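Only one structure is covered here, and it is reproduced in the block below.
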Amino acid sequence: MNKAKKSLGQHWLDDEFILVEIVRIAGVQAGDTVLEVGPGHGTLTKKLCQAGANVVAIEKDEALADQLIFQQLSKDLRIIKGDILEFNLNDLPPGYKVVANIPYYLTSNLIRLLSESKNPPISITLLVQKEVAERVCAEPGQMSILGVSAQFYYDCQLGIVVPAAKFRPPPKVDSQVIHMVRKSEKNNMNTKQFFRVVKAGFSARRKTLHNSLAGGLNMPKDEVLSLLEKSQIPPPTRPQELSLEQWIKLASIINHNSQT
């Protein structure tokens, strides 16, 4: 068996119950197209194939990819050697699902890539670092750019916690499953303008929104104060305290103001 490569954040998961639970949470059914990122030794891949899915597995480690190709786990499995961040998602049929046990370092970039794609998955089920899972599914009071970004596009839920000891080699922290379902109602807001406001708001996390927006958007503080009042957001509020709905309302008012 190939030795895990620290540079690729590889940690093998063989626990039968957890693997089956990931597939169950993902709602994989016969005939689904599933994109798996970093299949490794194929333990999760096998469960996806057994569920009747057409699996497209992207593996950056060439030795592991060759091993999976040699195993011929299923006629409905396609192994692609490469980096998921360079893969053309438009090559997949609409309505595909993503199911994966991914390296921790990849989480934020992968969620952003999938969310903003012209051909986004209808659902994303990932096993990630527990702390990151909590950030993705956070509620007002604990929000972050990652949480706002993920929840802008998806309804996010936490799944089972997977102790570090379940992996080989064990990582330093526990992991947790997150399940994200694409929102059916598309938000008509200009996403570029929306995230411009969100990034400005989180540009100085320890500061109040009044100050961080003024600095991040290069706007006079009295103008920001007026816009916050229109948004019914108290000036002392900090960025992590806002709900997604409040961010949307605030961004809409700020963007409307900049156009008038």
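Points to keep in mind about this one:
- Positions within segment 152-172 being of a type in the set (Lys, Arg) and either outside the structural domain of ASN101 (by TED's automatic domain parsing) or assigned to a helix (DSSP H, G or I) (or both), in sequence order: LYS166
- Residue among ILE102, ILE84 that is at pLDDT 90 or above, of a type outside the set (S, T, N, Q), surrounded by 13 or more Cβ atoms within 10 Å (Cβ to Cβ) and touching a strand residue (DSSP E or B) at 6+ places or on another chain (Cβ under 8 Å): ILE84
- Segment 152-172, residues that are small (Gly, Ala, Ser), surrounded by 13 or more Cβ atoms within 10 Å (Cβ to Cβ) and free of Cβ contacts under 8 Å to residues at least 24 places away in the same chain: ALA164
- Taking segment 95-109 as the range and being touching a residue at least 40 places away in the same chain (Cβ under 8 Å) and within 23 Å of PRO163 (Cβ to Cβ) as the test, the residues that pass are VAL99, ALA100, ASN101, ILE102, PRO103, TYR104, TYR105, LEU106.
- You will find that of SER149, SER175, the residue that is assigned by TED's automatic domain parsing to the domain that holds SER108, surrounded by 18 or more Cβ atoms within 10 Å (Cβ to Cβ), of a type in the set (Ser, Thr, Tyr) and within 15 Å of ASP15 (Cα to Cα) is SER175 and no other.
- Residues in segment 24-56 that are of a type in the set (Val, Ile, Thr), closer than 12 Å to THR125 by Cβ and buried (at least 21 other Cβ atoms within 10 Å of the Cβ): VAL28, VAL34, VAL37.
- Note on segment 1-58: among residues that are polar (S, T, N, Q), assigned to a helix (DSSP H, G or I) and under 22 Å from the mean Cα position of the chain (by Cα), the one that is modelled with the lowest pLDDT is SER7.
The values are calculated or read from the model by the stated rules, or taken from the named source; none is laboratory data. Treat the numbers as computed from the prediction; the structure is a model and nothing was measured. Cβ atoms come from the backbone with ideal geometry, glycine included; neighbour counts cover every protein chain shown.
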